[in-house]
Amino acid sequence: MEKKPVVVDLGYHYADEIDDYQLLVNLYESSSGQHQLLAESVNLYVIRHLNQEKEIKIGEVNYWFLKGKRSRFWLPFRLHHRINSLSPDIILLHGFSHPLQVLLLRIQTRATFIIQYHGGGYPQGARGILQRISAGLVKNYIFVAEAQAKEFRIRKLIPFKSTVYCIGEGSTHKVNIEKQKARKVLGMDAHEKICLWVGRLNANKDPITVLKGFEVMLAVHNSMRLYMIYSTIELLEEVKHLIANSDTLRHHVKLEGKIAHRDLDNYYSGADYFVLGSNAEGSGYALCEALACGCIPIVTDIPSFRIITDEARIGALWKAGDEHSFVEAMKYALELDEEEESQKAIAFFKKELSFEALAQKHFKMIRTILDEGDNRE
C-alpha cells in the first residue's frame, strides 16, 4: 500500500480566551468536515493554539492543541521542533499575518509550504517586509479566486511565478428545508418574496446601499420583505434611522439581530433571495450557506462572490456601492425561474463548494505538488 503523505494544517492564531478544545473545533466547523474527508487520503495533523494542551484523534484527524506563553507564540521553536519530528511532506499555513514564523519554520523543515489567504487586506510595515522575504520561500498559495492573488503579486507579497490554487476557505453542513415548512417555523408570510441579509452591519458589507435599493424596489414590488441578521452593529443606528424615516422600509424590513448559527437553516431555506453589499471578502461563508439551502444570490461583483456564484451563472451580481446597480440586479433576479435557479444553486454548491468537493480539490493539489516535486528556488 502506498504510504500516505504527511500533511500539517497549521494556524498560528493564539485563541487564549478558549480553554476547551471542543469549543475550538466547533468554532472552525466550516473546515472540520473537509478535514475528516481529506484524512482518508493523507496523514493529517491539525495544529491550533488555545489555553489548553491536548493531543486527540477525532475520526481520522490528529489534532494538536497547544498552550504556551506569548514569547513562545512569537518565537515558537518548541512547536516547530514538534512539527519537524513528523517529517511532514506538506505544511498548509493559514493567512499572511505571521511571516516571521514562516521564516523560522523554513529553517527547521524541508516540507513544501502552502499559504491560504483568509482575507484581511495586505501585510504592511515590518510585517509586509517580512512577507516579501518569506515569499521567496513559498511557491504555492490558495485563494478563492485567481483575481485575489493579482494585487499580492503586484505588491511582491507572493512571487509572480507562484502557483495559485483556487479553493474555497470552508463549507457548511446546512441543507435545504422545504420552503413553506421553514416559513411556518419563522412565522413568515407564505406568499411574500423574502430577501435575506446575513452579515455584519459595517461599511464593508454596506447595508445602507442595500436598503436604499430595496426601498426603490418596493415602489414596484410591494409584496417583498427583507430580514436582516447581523452579529456586529457598527452601522445599526444609521440603519435604524434610514428605516424609521421611510414609510416603505418601516413596514417591509425586519431587523432580526443576532441569530444562533444552528437556527439559520430555516432563514436560508425560507427566503427566496440572499442579498449582501460587500466591497471585499476573502471568501463568503454566508453566501455558501445560502446556496446550500437553495437561496438565490443577489450579491456584489467581487472576485470571491463571482467564483461562488459560478461566474454569475446563479442569481445576479451588482457593482458594490451602486444603488442603481443593485436595483437592476434585483429586477433581473426576479425575472428568473425561481425553482430552477434555486436548484442550480444547490447543485453548484454540492459540486464545487461542499466539504466533499473541497477535500477532493485539496487532495488533487497535494498530489500535484508532490508529483512535481518541491519547486522552491
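Just a few scattered comments:
- Share antiparallel - DSSP beta bridges, the chain, percent rounded to 5: 10
- Cα-based helix-to-principal-axis angle, 99-108 vs the chain, degrees rounded to 10: 30
- Taking the longest Cα principal axis of the chain as reference, the axis of helix 125-135 is set at about 60 degrees.
- Point-to-point label distance, E311-V216, nm (Cα→Cβ direction, 7 Å offset): 2.8
- Relative to the dominant Cα principal axis of the chain, helix 207-218 is inclined by about 30°.
- Taking chymotrypsin sites (Phe, Trp or Tyr not before Pro) across segment 147-227, the ones in a DSSP loop with at most 12 further Cβ atoms lying within 10 angstrom of their Cβ are F160.
- Separation of the A280 and L236 label points, Cα + 7 Å toward Cβ, nm: 2.7
- Ordering C288, C195 from the fewest to the most neighbouring beta carbons within 10 Å gives C288, C195.
- Cβ crowding within 10 Å, taken as a proxy for footprinting-reagent exposure, orders W318, W64 from fewest neighbours to most as W64, W318.
- Computed [θ] at 222 nm, helices only, for the chain once each DSSP H run of length n ≥ 4 contributes -39500 (n - 2.57): -12000 deg cm²/dmol
- HN-Hα J in Hz across segment 353-360 - Karplus 6.51, -1.76, 1.60, θ = phi - 60°, x for Gly and Pro: 10, 6, 4, 4, 5, 5, 5, 4
- Remark on the chain: ratio of C-alpha radius of gyration to 2.2 N^0.38 Å is 1.05.
- At full extension, T248 and E55 could sit 63.9 nm farther apart than now, given 0.36 nm per residue minus the alpha carbon distance.
Coordinate-derived values only; no laboratory data. As the structure is a computational prediction, the values presented were derived from the model and not from experiment. Ideal geometry is used to build each Cβ from the backbone, glycine not excepted, and the neighbour counts take in all protein chains shown.
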